[in-house]
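**Q** Can you keep this structure in mind? I'll have questions shortly.
Each value in this text was obtained by applying a stated rule to the coordinates, not by laboratory testing. From a predicted model like this one, the values you see are computed outputs, not experimental measurements. Cβ atoms come from the backbone with ideal geometry, glycine included; neighbour counts cover every protein chain shown.
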Amino acid sequence: MKSIFYYFYLLIFIVSLKLTIVKSTDEICLNNLLISFFGEKTNQYCTGGDIINSTGNLSSISVVCNAQYNIVELYIENNGVLVTKSLNYNDFNCFSGSLNTLKINGLPISADAFGTDMQTKVAQRIELTDCTFPDGRFSSVGNALANTTKYISIKINDNSNLNFVDFYSIKYLTYFHVTLNNSNVEPPTFSNTLQTSDKPSLSEVNLPLKNIPSFTYLLINSLSISLVGNSFTEAELLNLGTLNVTYLALKKENLAMDYPNSISSITKVIGLTVYGSFTARASGYSLPPNLNNLVLAPDVSFNFNGKFPFLGTLPLKLTSISIGSIGLTTFPDNFPPNIEKLSLNYNKMDPQTNLPDLSSFSKLKEVLLISNQFTGPIPNSYCLFKVSLNSNNLTGDWPQCLICFPYYNVNNLNGNPFLNRGTCNPGSGVPNLEYESSSKYFELYGENLGLAPPTIENQAFKDIIIPNSRFGYSWNEGLLGPVPDIVKVNISSKIYLMATKYLTPQISTITKAGNDFTFRGINFSYNKNQFTIKIAGVDCVISYIEYGIINCSNIDSVPLGHYVPGTLESQKSTEIITFYINTIDNKTSDIIKCNSDCNEPLGNGKCNTTNGICECTQQYTSDDCSLPNQFITSVSSVPTNGGVVDIWGWFGTIHSGLSIMIGQQVCQHDVNSITSSFINCTVGAGSGTQSITLTQNGITYTGNNMFHYTELTYSCPKDCSNNGKCNTNTGQCKCNSGWGGYDCNSKSSTGGETTSTSSTTGTTTPTSSPVIEIPKTNTTINGTDGSTVLNNQQTTYEISILSLIETDFSNNIVNTYNLSKKWDPVNITSNNIYKFTQTIQESCIITYTIEEVKTAREYRWAGLDLTLDKDSIKISVSIKNYTFNSVLNNLQLRFESLVGDNNRNTQDNNECNNRDTQVDTSEIDKNQLLNYVTISRNQKVLYGRFINRVISDSRQTFITTSVIPNNNNNNKQSVVIGLNLPHCTHECLIDPDFSVLVSSSYQECSSDLNNGGRASWVLPVAIVVPCVAVVLIIIIGFILFKKNRLAFLVAKNKMKGLKLKGLS
């Protein structure tokens, strides 16, 4: 046990002995220095990490020690005693080596006192104040300070005697400062004996220069130069161009001198500060090419005639310019486009100089234009950056951005007595929020958003993309959780509710006050341009909008009513919100929601907000507009032994309980073939024309007489009267020579002279002479109203379009449009084609074309081979964009053919051929492909042929023809025919034709023998009716008095003075 205590006390003794030795070494070195210079020593020393301040009669010291009792900082000050010896290297090399900072005041310093090159360091940092240098320098010629010393600061006075500094002596430093105690102190002369291999690199240098040496091989990050005196040679000024410096501050002391333009050749400098006494010359100056920061703060006017002294294009990299009082009277116009900060203060602009428009500087973030005598209003472009405009003569109102969002700007407009602050207008801030879900990045953009970064859910937008108008933020899901549909954005203490995705706007109430309307709800916006409101089709101009409120006004009057329709349309979506509003009373109307969305996103319907009931489009039905309101546009035919039937139309996507009946037979459908527009099914054997009934979803649609069994053979009328051959594929006669008509029972001849004239062109076209002379026939097409009139002797036929009728499913008339003689002529492509149009509803255009066929031709129509005779009249009709009241409604286009006497004064005696009018409809048969009707008078016969087939939406289908009763008067008899078409959604084409022939009973009257007698004659008239529509049902017809054979015995015309009139 005793031995353990012995060793413990021995260890303590050794450690304390060692510390005593260390402490005594630094204390001895310090006391030796004090005794050598002042004849006194310190009675205090460190006890470990202490700071000791000791003041004697002749000196003052301050010592900082580390934990090992070594001196790390030493400050020695001469209290005014005259010292005859100088500090040298031996006075310092006795310290332990921990000395970091050495500060000396008022002592002589010999050359190389702080060591040279590789000698042991004296201190890393040396600060000398009012010291003297008996050798005139701190390093001897050819020597440099020790390479471990990095920082030297020298402050010299009148007695310092620092005469020379060579850049070689400081080549190991990183910090070198020489400052003058006052303006009367003369700086040392600087020289440069550096060699290529030296290349010192200093971080910060401050030099007072009475001469300007070369700076070759000297690399400096930040250099401050004070030019003292005015004795600089041109060669010395050019030495400034040898600077290799990043940041340069240039000051001229005392007397003014011309600015040294050689600085412009310093390629590395990026920051330049110029202050002191510099003057400008007329030719101006240039700036270093890579400069990005410029500060001008001379003591005197640094301008030429009030203009900016740096002319031409400034460096493109220049982003910050600060100009003090340099005497400018004109605002510079050559600032670079990428400038970010501009400060121009305390100049005197010419009177009535307005604030410059800085909107072209897209990267500008801060502008200070203080006390420059600027006048006029503040441009809106000043909302894009932080501004200080104090002490000018500005007028008008503050921009809304500075009123509503005064971040940085509260006191920065003071000193403008004629500037009105005003108030923040509602809606002046217009924020928009965009969210990119893949990157979870938000962008807030818009107008007047302030310069302070807004917050989103209390988190600041970190990216200031464009001040006051665009900010960015990356959503932190770990901190904030998943992105919600609605977020809170705080802009200058105002909370904005903003959607992170498109949300359907919802209106809860509408308040009317005169022509002003207030909409309340949710999911609106703050941008007026994102919404359009119309009431009864009239724009309601939005004056204010936010998340839950829209105010708008009607400039034009709107219709008055309790349930006037309106729409709210968002520009971010194709969605249109419908509502109904009371425009009579100044009151608040509740908007009633439907139980469903009425499948509005699918376009099926919309909610009537006055009663909460869905209003479906024509193609849908049911409470929620989910079920298709089906209809059929075309049906294919099959042979009498049955087959696959193709059905086209609209059937939707829901087909619950689908069944198809053709007549009394079930048509078995293929569930795999059903689409929204097509169904096929298989039907058994049958014959004739049948109705088709389609039932699905509890809804039944019947297409009357839409299906036809194709016969193997068709019979011809009257077996062609033994005067022709029957085409059993169509039931059409091909008559022998000299015979015509659908039953070959009328006379036909190629002889005779027939003329065709137009009331527009007045042309007459003679044909070859007949074998037997034919009574002269004149065809007149009225180029103004579209009527067609055929005159032969005293008999006249007129063909015209009578009207367009819309009927419902029960054949009740819904709408009637009178078309007779209301046509407007359009371009006539040739002398035998006439085109007319008229418009009904808002957008339905009906085109009516008449062609005089000059040459007989055959053509194929809906699978049938047909013929148009020479000199026939072909009529085509196109109906486009007809709007139906219901998808179950049909159209009926009515033609009228009128026959009568024209009471023409003629010398021809035709009394022997005078006959009453007879109408024959016995050949109208829904089970035949071709139907015929005739109208005869005075041995002239009008034949009409109707094809019970139509091209519906580019597909052939079956149709029927109807006869409609008509009252005859004025000794004129007429037939009205209707063609019943399917529900054509795009295009419907039909093709009947007419011929006017001479009856087989026609005879030559006795008084006509001198004219050589008359033979049978033919004048055919063909009509083609194409009907083009969008969601329309077209039924076109020529209407006769009855469906079976009808013979009218009409009294002879005794009122021959009556003039023929058009049909109405």
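**Q** If one computes the Cα centroid of the range 544-569 and of the range 593-611, what distance in Å separates the two points?
**A** 19
**Q** Return the label of the correct value of Cα Rg over 2.2 N^0.38 Å, as calculated from the structure shown, out of (1) 1.52; (2) 1.75; (3) 1.14.
**A** (2)
**Q** Once Lys and Arg get +1 and Asp and Glu get -1 on their Cβ, which of L287, Q124, T728 lies farthest toward the positive end of the dipole of the chain?
**A** Of the options given, the answer is T728.
**Q** What whole number of Å gives the distance from the Cα centroid of the range 177-225 to the Cα centroid of the range 229-293?
**A** Cα centroid to Cα centroid, the span is 15 Å.
**Q** Cross-link partners among aspartates and glutamates for K440, C-alpha distance below 18 Å, same-chain residues fewer than 8 apart left out?
**A** Here the aspartates and glutamates satisfying the reach criterion relative to K440 are E457, D463, E477, D485.
**Q** Could you compute the net charge surrounding S626? Neighbours are other residues with a C-beta less than 15 Å from the C-beta of S626; K and R count +1, D and E count -1.
**A** Local net charge: -4.
**Q** Oh, and also: What dipole magnitude, in Debye to the nearest 20, does the chain give about its Cα centre under +1 on Lys/Arg Cβ and -1 on Asp/Glu Cβ?
**A** Using only the charged Cβ atoms, the result is roughly 1240 debye.
**Q** Around S264, under 15 Å between beta carbons, what's the net of Lys plus Arg minus Asp minus Glu among the other residues?
**A** Every neighbour counted, the sum reads +2.
**Q** If you take every DSSP beta bridge fully contained in the chain, what fraction is antiparallel? Give it as a percent rounded to 5.
**A** Among the beta bridges of the chain, antiparallel pairing accounts for roughly 70 percent.
**Q** Using the charge dipole of the chain (Lys, Arg: +1 at Cβ; Asp, Glu: -1 at Cβ; taken about the Cα centre), state which of L30, I592, T196 has its Cα farthest towards the positive end.
**A** I592
**Q** Okay, next question. Rounded, prolate or oblate: which one fits the range 171-294, using the alpha carbon gyration tensor with axes a ≥ b ≥ c (rounded when a/c is under 1.5, else prolate when a/b beats b/c, else oblate)?
**A** Oblate, because a/c is 1.5 or more while a/b does not exceed b/c.
**Q** Follow-up question, since we're still on this one. Run the simple label-point estimate for S362 and S438 please: 7 Å along Cα→C-beta, distance reported in nm.
**A** 2.4
**Q** Let me ask something else about it. Taking Cα pairs under 8 Å and at least six residues apart, what relative contact order does the range 436-499 come out at, in percent?
**A** 32
**Q** Using the Cα centre of the range 200-320 as the reference point, and only Cβ charges (+1 on K/R, -1 on D/E), how large is the resulting charge dipole? Debye, rounded to the nearest 20.
**A** The calculation lands at about 220 debye.
**Q** Compute the long axis of helix 2-38 from its Cα atoms, compare it with the longest principal axis of the Cα atoms of the chain, and write down the angle in degrees, 0 to 90, nearest 10.
**A** 80
**Q** Another question about this same structure. Determine the relative contact order of the chain: mean sequence separation of Cα pairs under 8 Å and six or more apart, normalised by residue count, in whole percent.
**A** RCO, the chain: 4 percent.
**Q** How much length is gained if the chain between V141 and I584 is pulled fully straight, taking 0.36 nm per residue apart and subtracting their Cα-Cα distance, in nm to one decimal?
**A** 149.0 nm
**Q** Find out how many positive minus negative residues lie around D158, taking Lys and Arg as positive, Asp and Glu as negative, among other residues whose Cβ is under 13 Å from that of D158. Please list the in-between numbers first.
**A** Working: positive: K155; negative: D130, E186.
Local charge sum for D158: -1.
**Q** Okay, moving on. For the pairs K307/K363; K103/K199; K121/K199; K725/K822; K606/K835, flag any whose C-alpha to C-alpha distance is greater than 32 Å.
**A** The answer is K725/K822; K606/K835.
**Q** Where a Cα-Cα gap under 17 Å defines reach, which aspartates and glutamates qualify for K880, not counting those fewer than 8 residues away within the same chain?
**A** Cα-Cα hits under 17 Å: E806, D824, E842, D953, E987.
**Q** Pairs to check: K874/K940; K317/K386; K150/K210; K41/K171. Give those whose C-alpha atoms are more than 27 Å from each other in this structure.
**A** K41/K171
**Q** Loop only by DSSP, 12 or fewer other Cβ within 10 Å of the Cβ. Give me the GluC sites (Glu not before Pro) in the range 67-170 that pass, ordered by residue number.
**A** Answer in residue order: no site qualifies.
**Q** Do you know the relative contact order of the range 150-226, to the nearest whole percent, from alpha carbon pairs under 8 angstrom that are 6+ apart?
**A** 30
**Q** Here is a further query. What does the charge dipole of the range 436-499 about its Cα centre add up to, to the nearest 20 debye, if the Cβ of each Lys and Arg holds +1 and the Cβ of each Asp and Glu holds -1?
**A** Details: 5 positive and 7 negative charges, 35 e Å.
Dipole magnitude for the range 436-499 comes out near 160 debye.
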